[in-house]
Amino acid sequence: MIENVIIIGGGPAGLAGATYNARANLSPLLFAGSPPGGQLTLTSEVENYPGFESILGPELVEKMRNQSKKFGTRIHDENVLKVNFSKQPFQISTYNKSYHAKTILIATGAKALWLELESETRLRGKGVSACATCDGFFFKNKVVGVVGGGDTAMEETLTLTKFASKVYLIHRRNEFRASKIMQERVLNNPKVEVIYNTVVEEIIGEKKVEGIRLKNFQFPISNFQSISNNSITNENSNIENSMKIAKLQIKNLKLDGVFIAIGHKPDTDLFKGQIELDKKGYIITSDRAARENFQFTISNLQSNLNDLNIKNSNIENSLKIENLKLIIPKFDINYTSQTSVSGVFAAGDCVDHVYRQAATAVGMGVAAALEVEKYLEI
């Protein structure tokens, strides 16, 4: 049997796409993975999803699943272990069976990178988060910490300053790897205090976050003095005679919440060598390829204006530009959600490295499903 469409991924993007394809009588087959549900199942309270003032993440996923099933989606809570997109019909394989389909919709999502602490896992959703946009609202007038040093950490920190009374930015090195402009915005924000050369050893609290235990390597005296006035308890202080560097082990910092901002990893290892991915593993779709091609073209044009030989062959029609090399994308721009392989589409956080929201994933899933339907009609 050859399926019309197989959907890989059981989060918001995959389930939204499945609902649309099911209502179009395509009888989609969806592999939700094991355990199913995506990042929403790890989220406690959701208050920014349209239509629900407040709903638990797992409950929202269950509602999506039931709605999709109602219209005829067949959901298998299995992991896809292998794919072959080299020829049509496409083939996907689970532990004990292979399936074939005319089209594929990839919606495998992405995972936030964590510190791998037991206390972090236990308190996830109870003050520990990886999304300031999602959870920042819960920390109005409270003290929070952000762990990280890249652009993601800077963005999370700035978002939290809109809600929290104080934001500690904790970085394991003595300088950030984020862009200069993002660093300037963070360092110039009066609500932000930076703690360099420090790692989180433990998140403190039983039922909710109450603080964190920090381990410091080398702390400049100026930073140490300013932080000492903000509820940090330190032990084994050993200030050298130079009074320039304090070597110490910082113990407890009182916090109401901790945001881990050390990056995300898209769940796309399965597709390496099958479709085009960027250097971080995110799937490149036609929409992104077209935008990047345009950006490259404009950049190339601006940097080579002095070298262009522009001939005005017809003033009423157009300018003919010579000696300008353009990148012609191999993607089909008629389908914005299509990957580098015709008939294979992608949506959600495995594509989106910017917003990473349930609502945007749903929109992408719907758009991809409509394009699957259009593709099958031709």
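The values are calculated or read from the model by the stated rules, or taken from the named source; none is laboratory data. From a predicted model like this one, the values you see are computed outputs, not experimental measurements. Don't worry about glycine lacking a Cβ; one is built from the backbone with ideal geometry, like all the others, and counts go over all protein chains shown.
Numerical summary
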| quantity | calculated |
| --- | --- |
| Of all residues making up the stretch 110-143, the number that are modelled with pLDDT of 95 or more and under 30 Å from S86 (Cβ atoms) | 0 |
| Among (1) over 18 Å from A369 (Cα atoms); (2) modelled with pLDDT of 95 or more; (3) not in a strand (DSSP E or B) - the single one G72 does not satisfy | (1) |
| Selected residue (criterion: farthest from A178 (Cα to Cα)) from residues of the stretch 277-292 that are of a type outside the set (A, V, I, L, M) and over 18 Å from the mean Cα position of the chain (by Cα) | S286 |
| Residue match in the stretch 162-169 (condition: in the same structural domain as L255 (by TED's automatic domain parsing), surrounded by fewer than 18 Cβ atoms within 10 Å (Cβ to Cβ) and either closer than 22 Å to G125 by Cβ or more than 22 Å from the chain's Cα centre (by Cα) (or both)) | yes |
| Count of residues meeting criterion [under 15 Å from the mean Cα position of the chain (by Cα) and assigned to a loop (DSSP other than H, G, I, E, B)] in the stretch 253-276 | 5 |
| Of residues in the stretch 81-98 being surrounded by fewer than 16 Cβ atoms within 10 Å (Cβ to Cβ) and not in a loop (DSSP other than H, G, I, E, B), the one farthest from the chain's Cα centre (by Cα) | S98 |
| Any hit, the stretch 14-32, residues being exposed (fewer than 14 other Cβ atoms within 10 Å of the Cβ) and at pLDDT below 95 | no |
| Members of the stretch 196-210 found to be farther than 23 Å from R173 by Cα and surrounded by 15 or more Cβ atoms within 10 Å (Cβ to Cβ), listed by number | G205, V209, E210 |
| Pairs with Cβ under 7 Å, 6+ apart, first in the stretch 103-130 and within 24 Å of E276 (Cβ to Cβ), second hydroxyl-bearing (S, T, Y) and in a loop (DSSP other than H, G, I, E, B) | T108/T268 |
